[in-house]
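Note sheet for the following structure.
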Amino acid sequence: MQYSIALLPMCLVSMKNFLDTTYIKNADLKNFCTFKIGGKAKHLFIVQSNDALLNVCYYCNSHNIRYKIIGIGANLLFDDKGYNGAIIINQSKNFMFKKNYLYCDAGVNISTLISESIKRNLSGLEYFSLIPSTIGGAVVNSLGAFDHRFFDLIERVICYKKSDPKKRVILSKNDCKFGYRTSIFKADEFIITRVKLKLKFDDKSEILKRMKHCLNKKSSTQPIKDFSAGSVFKRSTLIPAKVIDELGLKGKQIGGAEISKKHSGFIINRENASAMDVLNLIKYINDIVYKKFNQKFELEIEFVPFN
Ligand SMILES: Cc1cc2nc3c(=O)[nH]c(=O)nc-3n(C[C@H](O)[C@H](O)[C@H](O)COP(=O)(O)OP(=O)(O)OC[C@H]3O[C@@H](n4cnc5c(N)ncnc54)[C@H](O)[C@@H]3O)c2cc1C
């Protein structure tokens, strides 16, 4: 059931933000992530501007409601029990180019920015084609593809402390402590609102050529049409897909979850998988890997527990 936010006891919400916010009670989380798995969130807000995002965060704080901001939910495995709090889907969508600089809201989809930058002969984002992500998700997770790192493009990140959504913080790239699929934001203490990126002018045909190369490589090697949350495990001294292949686990299924036959680093929701099926399959893989290599794979996907 959908309500306008104005029906909530929210004296803090202005008319402008009422237009930018949708509230759903007991929302089915499987509809808001690429894995298509998860129970119900007690509260779900969809916000379309930074003001609305900050107001909802402020509201949750002042009502002691635990909350998590998400983008497309492309890296998340929600609990079968759901989420005992508020999931805030950030769809803030403003962006602006100034010469080769791009100023964008965290809720903008990276695919929109790829096409907008190509129109302006700007290079840098084309390597991330076909990856489901908002800019916020790309910052938090330190998105990467084909040896290209999203954080190399970042000039600064504008955010707010979750504990004080009224106080703006401007972080430089160094402040963000980016690494392989990690950043300062992984601790879930910040609300990211806006990001400044530095792109490079280049020949449009060259940018398009690189984009096509990435598109072809990704679509021919990864199960992009199946429901998943991308690569399940981080690379270490072991390359997960290679190891899983060599252990003969490709195609292994537990319940509705399956190790993709196209790319062993992905677990796909083959048929109504539960989060428990996915977690059991992860444990199954890691138990075998531990026996053989005396180490376990670290998760790249994020499990979001009920409590
Ligand atoms: C088919 C497929 C292919 C993929 N390929 C790749 C790949 O090549 N490379 C790669 O790196 N990843 C890949 N991924 C994983 C995923 O696309 C990335 O992790 C992506 O950056 C997630 O973005 P999102 O907007 O969906 O973030 P979400 O999954 O919604 O959120 C990710 C994290 O960011 C936090 N977050 C999001 N927005 C904000 C905000 N505004 N403020 C504070 N916190 C926030 C969330 O709380 C969560 O902790 C793939 C996934 C799929 C399904």
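The values are calculated or read from the model by the stated rules, or taken from the named source; none is laboratory data. Not measured: the values here are computed from a predicted model. Ideal geometry is used to build each Cβ from the backbone, glycine not excepted, and the neighbour counts take in all protein chains shown.
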### Task
Could you check, for the range 92-113, whether at least one of its residues is of a type in the set (Lys, Arg) and closer than 15 Å to Val195 by Cα?
yes
### Message
Of the conditions (1) aromatic (Phe, Trp, Tyr); (2) assigned by TED's automatic domain parsing to the domain that holds Glu155; (3) part of a loop (DSSP other than H, G, I, E, B), Phe35 satisfies every one except a single condition; which number is it?
### Response
(2)
### Task
State the number of residues belonging to the range 172-198 that are farther than 22 Å from Asn55 by Cβ, out of contact with any Ser or Thr (no Cβ under 6 Å at 6 or more places or on another chain) and hydrophobic (A, V, I, L, M, F, W, C).
3
### Message
Of all residues being without any contact (Cβ under 8 Å) to a residue 40 or more places away in the chain and of a type in the set (Lys, Arg) in the range 190-247, which is farthest from Val157 (Cα to Cα)? Just the residue, please.
### Response
Lys242
### Summary
Those residues of the range 217-270 that are within 15 Å of the ligand (Cβ to nearest atom) and among the small types (Gly, Ala, Ser) come to a total of 11
### Query
Looking only at residues in the range 269-307 that are within 15 Å of Arg235 (Cβ to Cβ) and aliphatic (A, V, I, L, M), which one is surrounded by the most Cβ atoms within 10 Å (Cβ to Cβ)?
Ile285
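Condition check ((1) touching a residue at least 12 places away in the same chain (Cβ under 8 Å); (2) surrounded by fewer than 21 Cβ atoms within 10 Å (Cβ to Cβ)) across all residues:
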position: Asn50; (1), (2): yes, no
position: Leu54; (1), (2): yes, yes
position: Tyr59; (1), (2): yes, no
position: His63; (1), (2): no, yes
position: Ile72; (1), (2): yes, no
position: Asp80; (1), (2): yes, yes
## Note on the structure
Restricted to the range 139-164 and to residues being in contact with a Cys (Cβ under 8 Å, 6 or more places away or on another chain) and outside any helix (DSSP H, G or I), the residue farthest from the ligand (Cβ to nearest atom) is Ile154
## Note on the structure
Cβ pairs under 8 Å, 6+ apart or interchain, first in the range 19-35 and closer than 26 Å to Phe266 by Cα, second of a type in the set (Lys, Arg), ordered by first then second residue, are Asp28/Lys40; Leu29/Lys40; Lys30/Lys36
## Note on the structure
Checked Leu113, Leu130, Leu122 against criteria (over 21 Å from Asn75 (Cα atoms) and assigned by TED's automatic domain parsing to the domain that holds Leu199); the one match is Leu122
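Listed residues Ser129, Ser163; which is crowded, with 21+ Cβ neighbours inside 10 Å, farther than 19 Å from Ser92 by Cβ and either touching a residue at least 60 places away in the same chain (Cβ under 8 Å) or of a type outside the set (Asp, Glu) (or both)?
Only one candidate passes the filter, namely Ser129.
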### Task
Of the conditions (1) surrounded by fewer than 22 Cβ atoms within 10 Å (Cβ to Cβ); (2) not assigned by TED's automatic domain parsing to the domain that holds Ser49, Gly85 clears all except one; give me its number.
(2)
### Residues of the range 37-47 that turn out to be surrounded by fewer than 20 Cβ atoms within 10 Å (Cβ to Cβ) and either within 13 Å of Asp226 (Cα to Cα) or touching a Cys at 6+ places or on another chain (Cβ under 6 Å) (or both), as a count
0
### Message
Need the failing condition index for Gly137 against (1) under 18 Å from Gly73 (Cβ atoms); (2) in contact with a Phe, Trp or Tyr (Cβ under 6 Å, 6 or more places away or on another chain), just the number.
### Response
(2)
